[in-house]
Amino acid sequence: MSKTFSVNTPKDAEIGLKMDIRSNDEGKWRVFIKETKEGVEVAGAPVRVGFLEKVGEGENAFMVIRAALRVKNEDGSYQTRARQKEGKFLDAMGKEVDSEEKAAREYVLMTYKSDANKLVFGQIATVNVKNFKADKVTPTVMTLLTFKLYSDDEALEAERKYHQLQTIGSDHADYNQGYTDLKNLRKTSGKWADFFIASGHDVLRDMGFTIRERARKGQEADPAPSA
C-alpha cells in the first residue's frame, strides 16, 4: 500500500515549492516538486520528479533527494518542451491531447555524452526534521522540515567530484582530500528553506522520525514527541 506525505514552503518564502512524496509497493519514495507563488501552484509549470532516501537512524537520521538535472537556456532559465510519448502529446494527467499547445510542459533533462539514454542525476536537497518546543515566540510545539536546496549547477559540480572519487578509489592518495572537498562543497553551497508538513504526519512517524503537530484552534498542541 502506497504512503504519501506533503510539504510546502510558507507563502512568503523566497523559494516557493510544494512537494508530494509517495512510496510505491517496493518501498521506494518518489518526490513530485511543484513551483508555488504566494502558496499557490504556478499554473502550467513543469512538475519535477525526484527520489527520496532516508539516511541513518534515530536522532541522526535525515533524508536526501536526488533528481535528474535540467538543461539550461543561455539566459539561465531551464529548457522545457511539450510532454509526449510515442509521438503523441500528453496532458499533466498523462492523457492524450490533440495539440502541442494543450500538452503539459516538462523539463529537458541532461544526459551523458557517452550515452544519450542515460540521465545525469544529482543531489538537489537534504532534509532534516526540526522540532520546536512551546515558548513565547512559538506558542505551540510543532515540527518543520528544514531543507538545504541545491541548484542544478551545484548538484552537478558535487556529482562530478563524487564520480571522481569513485573512479580513483579509497586507496588513492588523493581520496581523503577529495572527500573533504566534497563535504565542504555541500556545506558551503545551497540555500536553507523551512517547509511545513501539510499532510502525512503519521507517514513520517512510521519512517522513524519524531513529529509534532501544530495545535488546531481550540485544541492543545502535542505535549510530547510522537515517535
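Yes or no, residue by residue, for (1) closer than 29 Å to F62 by Cα; (2) surrounded by fewer than 13 Cβ atoms within 10 Å (Cβ to Cβ):
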{"residue": "D115", "(1), (2)": "no, yes"}
{"residue": "K118", "(1), (2)": "yes, yes"}
{"residue": "F121", "(1), (2)": "yes, no"}
{"residue": "T126", "(1), (2)": "yes, no"}
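Can you tell me which residue within segment 187-227, out of those that are assigned to a strand (DSSP E or B) and either modelled with pLDDT under 90 or not hydrophobic (A, V, I, L, M, F, W, C) (or both), is nearest to D153 (Cα to Cα)? Within segment 187-227, the match that is nearest to D153 (Cα to Cα) is K191. Taken as a whole, the structure leaves S6 outside the set of residues that are under 21 Å from H201 (Cβ atoms), in the same structural domain as D206 (by TED's automatic domain parsing) and out of contact with any Asp or Glu (no Cβ under 7 Å at 6 or more places or on another chain).
Of all residues in segment 60-70, one or more are in a loop (DSSP other than H, G, I, E, B), over 30 Å from D98 (Cβ atoms) and touching a residue at least 24 places away in the same chain (Cβ under 8 Å). The residues of segment 152-182 that are surrounded by fewer than 14 Cβ atoms within 10 Å (Cβ to Cβ) and among the small types (G, A, S), listed by number, are G169, S170, A173.
Here A103 passes the criteria (1) touching a residue at least 60 places away in the same chain (Cβ under 8 Å); (2) surrounded by 11 or more Cβ atoms within 10 Å (Cβ to Cβ) except the one numbered (1). Do we find a residue being within 22 Å of G122 (Cα to Cα), assigned by TED's automatic domain parsing to the domain that holds I211, part of a strand (DSSP E or B) and touching a residue at least 60 places away in the same chain (Cβ under 8 Å) anywhere in segment 30-39? Checked segment 30-39: no residue is within 22 Å of G122 (Cα to Cα), assigned by TED's automatic domain parsing to the domain that holds I211, part of a strand (DSSP E or B) and touching a residue at least 60 places away in the same chain (Cβ under 8 Å). Among the residues making up segment 62-83, those that are over 26 Å from V7 (Cα atoms) and charged (D, E, K, R) are K72, E74, D75, R81.
The values are calculated or read from the model by the stated rules, or taken from the named source; none is laboratory data. This structure is a prediction, so every number in the text was calculated from the model and none was measured. Ideal geometry is used to build each Cβ from the backbone, glycine not excepted, and the neighbour counts take in all protein chains shown.
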